[in-house]
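In what follows, a structure is listed as C-alpha cells, so that the remarks can point back to it.
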Amino acid sequence: MVGATDLHQVRERKPGRPKGPSGTACQYHRRQDWRTPKSIFDPLNAEFGFSCDVAASPQNALLPIFFTSETDGLKHSWKGHVCFCNPPFVHTAKWVRKALAETREHAVITVMILPARTGNKIWHEVILPFCEVRFIPGRVHFDGADYPAPFDLAVVIFRGKTEGGGHLSNQSTPTPHLERSPWDD
C-alpha cells in the first residue's frame, strides 16, 4: 500500500525523457512551424476550398495567401476567406478563440489541425460546444520532422453562422478516407 509519504516522493521525482526515438517530444517542442502533410491538407482543401493559411511561414505555407508570425494572423481579419490553420501548438487557445471570433463576426469557415488534448479547458469551452471535430487516427508525421508527432491530432472545423444567425456545428464526423495515410511513412 502506498502511503502519503510515498505519494509525496513520487510527485517530487522529475519526469524522464519519453520512451521511443531519442528527442521525439523535444523535436516538436523546439519548433512550432511544422508543415502539414499534403496527405492531410489536400483532402481538406478539396472539401473546403481554402483561400488563406492564417498561421504559416514562407517555408511551410500551403496556399498563395498566408499570414506569417511577422504579419500575425491573430491581429488581422480573416473576413472573406475560407481559412486553414495549423497554428503553433504552444498558442492553441489564442488561435481557437480567434477562429471562434472570426466565425461569429464574419461567418468565416476555419479548419484547424490541433493536438487532441481533450482535457484542456479550451476543448470544453470552445471546441466541443461549437466545432465539428474529426480525430486523425495514428500519429501524424509532419513534413520535415524526423519522427511522427508524439501526440494525437484532430481536425477542428468552425463552420460559420447559419442563416438564422446562431448555430456553429457541434457534431463530430469521421475523417474522410485518405488515399495514403500520414503515418504510413
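What follows draws every value from the coordinates through simple rules; no lab data is involved. Since this is a predicted model, take the numbers as computed values, not measurements. For neighbour counting, all protein chains shown are included, and Cβ atoms are generated from backbone atoms with ideal geometry for every residue, glycine included.
Residue count for segment 70-88, restricted to those that are among the hydrophobic types (A, V, I, L, M, F, W, C), over 11 Å from His106 (Cα atoms) and crowded, with 19+ Cβ neighbours inside 10 Å: 3. Scanning segment 52-69 for residues that are surrounded by fewer than 16 Cβ atoms within 10 Å (Cβ to Cβ) and in contact with a strand residue (DSSP E or B) (Cβ under 6 Å, 6 or more places away or on another chain) gives a single hit, Ile65.
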